[in-house]
2 protein chains.
Amino acid sequence: MSARPSPTTAQPSGPLRFGPRSTAALRPAAEARLTGGFWAQRRRVNAEVGIPQGPALLEAAGNLHNLRLAAGAADAPYRGDLPFMDSDVYKWLEAAAWQLGESRTPGGAGLAEETARIIGLVGAAQQPDGYLSSWFQVARPGERFTDLRWGHELYCAGHLIQAGVADHRATGRPELLAVARRFADHIDDTFGPGRQIDGCCGHPEIETALVELHRETGEQRYLDLARYFVDRRGHGLLADPDPGSRPAGAPDGPPTGPGYCQDRVPIRQARNVEGHAVRQLYLLAGATDVAIETGEPELTAAVERLWTAMAATKTHLTGGLGAHHDKEDFGDAYELPTERAYCETCAAVASVHWSWRMALLTGHARYSDLVERTLYNAVLPGVSLDGTGWLYVNPLQVRDGYQDHGGDQTSRRTAWFRCACCPPNVMRLLASLPHYVASGDDQGLQLHQYASGTWTAGGTDPVAVSVETQYPWQGRIAVTVERSRPGEWTLSLRLPQWCEQYGLYVGDRPVTAPAEDGWLRLRRAWEPGETVVLDLALEPRLTRADPRVDAVRGCVAIERGPLVYCVEQVDHPGGGLDDVLLDPKSPPAVKHCPDLLGGVVVVVASGTRLGLGSAGPQGGWWPYRSTADGSGAAPGGGTPLELTAVPYYAWANREPGSMRVWLPTTD
Amino acid sequence: MSARPSPTTAQPSGPLRFGPRSTAALRPAAEARLTGGFWAQRRRVNAEVGIPQGPALLEAAGNLHNLRLAAGAADAPYRGDLPFMDSDVYKWLEAAAWQLGESRTPGGAGLAEETARIIGLVGAAQQPDGYLSSWFQVARPGERFTDLRWGHELYCAGHLIQAGVADHRATGRPELLAVARRFADHIDDTFGPGRQIDGCCGHPEIETALVELHRETGEQRYLDLARYFVDRRGHGLLADPDPGSRPAGAPDGPPTGPGYCQDRVPIRQARNVEGHAVRQLYLLAGATDVAIETGEPELTAAVERLWTAMAATKTHLTGGLGAHHDKEDFGDAYELPTERAYCETCAAVASVHWSWRMALLTGHARYSDLVERTLYNAVLPGVSLDGTGWLYVNPLQVRDGYQDHGGDQTSRRTAWFRCACCPPNVMRLLASLPHYVASGDDQGLQLHQYASGTWTAGGTDPVAVSVETQYPWQGRIAVTVERSRPGEWTLSLRLPQWCEQYGLYVGDRPVTAPAEDGWLRLRRAWEPGETVVLDLALEPRLTRADPRVDAVRGCVAIERGPLVYCVEQVDHPGGGLDDVLLDPKSPPAVKHCPDLLGGVVVVVASGTRLGLGSAGPQGGWWPYRSTADGSGAAPGGGTPLELTAVPYYAWANREPGSMRVWLPTTD
């Protein structure tokens, strides 16, 4: 049993510190400590390896050099040709700040010094009027705010603001927040009704950042500016001056088009998510933040409608989002390819940001269902188990004989990217992860995610619980009331969407609770020390897709608890994976493998290898066969094969080879 | 019965006029006249609508303007930002030349004048030393041959040469060939061992053009230069000076990479086709031309190996080639997506060019099998039935609710493209189509394709046949010997790869002939007037793909004869196509519809509509369902539906909607 925490009135030290006028149904936990188990292990690698490698990588890639150029402290050409290189620095600073907010951060003193040094550099690069963009200051002088579609100035400002808010909130230091406010004030003086520019940024991000700045500072003008940027989308402000000017296959400029830039239709009229996935999701996170602060029903209805459409028609099994390599965008409804899935790690991070805001805004559990799925299966695969190898695109299949063309979009892990948006995004999410676990309201405390630790939440007289669990490997979640308050209050436990069977106990007694909108709600006068156990059955599941998801017709995926599994070639010597079938009639088994991939539960299933090997098609030189009844090329024969599936988050951590999430079946 | 043609010693007037040292197994027909039936109808539209609209479209798009700028005959900014705009003009000139080579070309005199005018403009734009590129002369002065990866100078030169050869061969005019030779001589003086530049072009095309120029002029230097360009591929001459410099999703320059540019591996060592599909196919057509002229066994083995690998693992059912939108390139083996098929019309044209050369080089029928499939199902869909609407990408599926993002890569027909490579490519292929039908050798005459007309071929004492057929609507092909020679010779008829049942008759008597390597060979002393009838059974077929083609698992396609069919939303009112299943147990029926789509045979099949409509997934907000045995989301229920399939070449000629080539089955 954990030590009982002392009563606290502390403000939340993570993302989303709502002010008094917030209309959200739920509020973030006031205290959030994640102390053990699965996520603690992943967060330790992030703290000990991931974040510490940042400054050297940002130095090697030129990001810090470019800021020194802007500060007049160096004298050489601008490095790289991307206008948003500053944002990598800001996202890393945000990650470091959340990490520094934890009392026992490894190497905390060194990290504090390192961040102070880089914060100083950022401040030195800022222009007297508050403007800050190393790209425009150094590489495009005099062109400030002339290319809102691709310039990324407001996008970078957004990440600067997020970093400033995080650094102030988590460490109490004022410097970076001050830099951010100066830029925010400059933007507010420049953009808006009756100001110099009526426009918005080709890459959303500043919207959510401005709402957080409003929350941190109490200044209404930042919320008003965020709402303005949300409102002005979809009115053609970002129209391409040369429409249709992108040649097929011969891009001679950045991708454009109103859909890509989130400028085709106003948010309140949109029917489904579209365009560049990260842009869409950052924008919707910002719109949800605006709705939380303004309570506007129409905007709330719009984000609810768009979230449901996205989840129902455009989300990969892993929670990954994105269908096209060429514009990094969503496809049509149910267009969810496997090997060409474009599940950018940043889109997964942005999806968690958005869904968490939706969960707080509405109180509905389904948003945290998607957060759980996304964290385990779309964010985490983006970083290797050792914290040094990254994936930008997270495909659901790598074919036998996959040809690696290199570049950011490769299906092989990479030490860093030219467009290095993803790694620091993973860092900042892992560093702030404890804050996505619990919430509170006047009714009590809600546990959205299951991880060992302590959470304090619940209105003016908060309550606290501690959690002990080996989740996701084991289904037993023990929740102990650490601090109560007079009278009844409700402990709400999310019953995961994937769960078919569970047991619920108070002390040793089985109890029933109404499963209400995805929540198991236990309302009583809780005594400190009382324990609730939720025991989720973790049988492996075989999952099929809606028949309209053409890409995976005739296939199943293996899942267990919140984890999506995959098969990797390395576990199946003697052939590839493209002619392997799974037998759904034979129930899969589980095997605990403490020494494999940092300790995982493996799922073993029966299958068949057709033995096509590297041979050409069965019919000779032509891979299609016709018959009167279409039965010509139905697979048959083959040799039995034991299929070993590992959690998808742990793929691509051994020798490179083929991989499949979706497996064709023998039936 | 056609009039018996007089004996001829004329040289072939189409592509590939082999010289005496050619090592090809077969030689193109000396005379080729296509007089009626299916292709005559398509060629009439090409001659009466397609080609005549060229000058106005090239004027509107700026291509002719740019040549006038280069000629010093205009004074305004360069139009467009593609360095290869001249090539559209050359391809159109080539199409017009082949068309002018036909004695009864509609509007022939006007077309002759029009081409003469434009040929004059091309000549005027040429620089004194023979160099010609309006882009570099006008928009990038002083940068000649400094950007071989993207400059497209040799690519444009190749199309100029092809046009020059065609114009000279088909019309006898010397002017354009002279312009082409001057540029070819300049290139030969500049490139090669010991010359100023050791390099090749980022976009192959000049290789095959130089071999044709060698054939037209007899000059060895052009063949040597073609071989040099073929040999120097794959040695890193086109290496990106800034490797990995393309950011994911933020291209700031043309696509690059050694695979894309056909410079990753020398042709003789390559194991499969890769990279940009059109580049790959033009290169392999050129390599095959070199092999035809040099007889080099290693090069011959390489192109045979690559063709088989392509056909077996990277060819869509339609014959279309290409798997990725972002680089217009081939995917991995068996990576053949449907809605994201990247079957560029130019790749289909190039595939016909290459396969026809392979057929002549080797004498094997399978190459013409692919030519047939590609002509009907990959080239022809690229142009609308009325000759004015084009498709650049030819997808195999358009989803319900498809969102049209415009641009060249749209799934909707377009009047012209910014990158307008495809339309004039279709024009030149249709204009030269009669030359892809028959060949000859000392043994006799081979019919590769079936169309009504007259063909003369067969060595020093050629023979001639006429063909009467309603193919592909009917399977009866009547071949009459129009001119014979003393002694026995062999009439070879390709037995199409798709054909399971056929009858063969000489006069009225059924005969048998050995089906040898895809050929039905009838050897005898033929008398003029003797008739052979090949009667191919045209039952509709249901076709399945190799199990490794993940994209179409659990689906069948409908085929009949050489035609691939598809279903279009317009024929299925009351819903979309994404929840429709085909019942393979119920045999499909055919219906002759003379008033539909210019006259087609429709295939009618039994199916089911699941009735999911525009509803979300059956399980609520999440489109995946799990059970212990994976049987959760198997489709069931639905209402019976008669499925009407039309030939794929005729799709997208009515109101826009969804479309599918591959249909899921009820079993």
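When the range A:199-221 is examined, which residues are found to be open to solvent by 10 Å² or more (accessible area, probe 1.4 Å) and either in contact (Cβ under 8 Å) with a residue 12 or more places away in the chain or farther than 16 Å from A:PHE18 by Cα (or both)? Reasoning before the result, please.
Just the residues of the range A:199-221 that are open to solvent by 10 Å² or more (accessible area, probe 1.4 Å), to begin with: A:203, A:214-221.
Passing the criteria: A:HIS203, A:HIS214, A:ARG215, A:GLU216, A:THR217, A:GLY218, A:ARG221.
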Reported set for the range A:356-390 where residues are closer than 15 Å to A:ASN653 by Cα, of a type in the set (A, V, I, L, M, F, W, C) and either surrounded by fewer than 24 Cβ atoms within 10 Å (Cβ to Cβ) or in contact with a Lys or Arg (Cβ under 6 Å, 6 or more places away or on another chain) (or both) is A:LEU385, A:TRP390
List the number of the failed condition for A:PHE183; all other conditions in (1) open to solvent by less than 10 Å² (accessible area, probe 1.4 Å); (2) under 21 Å from A:LEU284 (Cβ atoms) hold.
-> (2)
Could you tell me which numbered condition B:TYR334 fails, if it satisfies all but one of (1) away from every other protein chain (no Cβ under 12 Å); (2) open to solvent by 10 Å² or more (accessible area, probe 1.4 Å)?
-> (1)
Write out, first by first residue and then by second, each pair whose Cβ atoms fall under 6 Å of each other, whose residues are 6+ apart or on separate chains, and whose first residue, in the range B:492-507, is surrounded by fewer than 17 Cβ atoms within 10 Å (Cβ to Cβ) while the second is part of a loop (DSSP other than H, G, I, E, B).
-> B:GLN501/B:ALA537
Residue among A:ASP408, A:ASP442, A:ASP404 that alone is at pLDDT below 95, outside the structural domain of A:ARG43 (by TED's automatic domain parsing) and not hydrophobic (A, V, I, L, M, F, W, C) = A:ASP442
Going through the range A:588-607 one residue at a time, which ones are over 24 Å from the mean Cα position of the chain (by Cα) and exposed (fewer than 15 other Cβ atoms within 10 Å of the Cβ)?
-> A:ALA589, A:LYS591, A:HIS592, A:CYS593, A:PRO594, A:ASP595
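For residues that are more than 15 Å from the chain's Cα centre (by Cα), at pLDDT 95 or above and of a type outside the set (Val, Ile, Thr), tally how many sit in the range A:307-327.
5
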Of (1) assigned to a loop (DSSP other than H, G, I, E, B); (2) open to solvent by less than 10 Å² (accessible area, probe 1.4 Å); (3) within 11 Å of chain B (Cβ to nearest Cβ), A:TYR402 satisfies every one except (2)
Answer with yes or no whether A:ALA557 is assigned to a strand (DSSP E or B), facing chain B (nearest Cβ under 8 Å) and open to solvent by less than 10 Å² (accessible area, probe 1.4 Å).
-> yes
A:ALA166 is checked against (1) open to solvent by 50 Å² or more (accessible area, probe 1.4 Å); (2) out of contact with any strand residue (DSSP E or B) (no Cβ under 8 Å at 6 or more places or on another chain) and fails just one. What number does that condition carry?
-> (1)
Considering every residue within the range A:271-291, establish whether at least one is buried (at least 24 other Cβ atoms within 10 Å of the Cβ), facing another protein chain (nearest Cβ under 8 Å), under 17 Å from A:ALA551 (Cα atoms) and not small (Gly, Ala, Ser).
-> no
Name the one entry in A:GLY387, A:GLY331 that is under 29 Å from B:LYS327 (Cα atoms) and touching a residue at least 12 places away in the same chain (Cβ under 8 Å).
-> A:GLY331
Name the single residue, out of those in the range A:508-522 being free of Cβ contacts under 8 Å to residues at least 12 places away in the same chain and over 24 Å from A:GLY453 (Cβ atoms), that is nearest to the chain's Cα centre (by Cα).
-> A:GLU516
Check the range B:436-455 and report whether any residue there is part of a helix (DSSP H, G or I), in contact with a Ser or Thr (Cβ under 8 Å, 6 or more places away or on another chain) and open to solvent by less than 20 Å² (accessible area, probe 1.4 Å).
-> no
Would you call B:LEU542 at the interface with another protein chain (Cβ under 8 Å from one of its Cβ atoms), open to solvent by less than 10 Å² (accessible area, probe 1.4 Å) and in contact (Cβ under 8 Å) with a residue 24 or more places away in the chain?
-> yes
Any helices (runs of 4 or more DSSP H) falling wholly within the range B:37-99 and containing at least 2 residues that are open to solvent by less than 10 Å² (accessible area, probe 1.4 Å) = B:54-61, B:63-70
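The values are calculated or read from the model by the stated rules, or taken from the named source; none is laboratory data. Computed from a prediction, not measured in an experiment: that's the story for all the values here. Every residue, glycine among them, receives a Cβ derived from its backbone with ideal geometry; neighbour counts consider all protein chains shown. We work out accessible area using only protein heavy atoms, side chains counted, and drop any ligands, DNA or RNA first. Shrake-Rupley method; radii C 1.70, N 1.55, O 1.52, S 1.80 Å.
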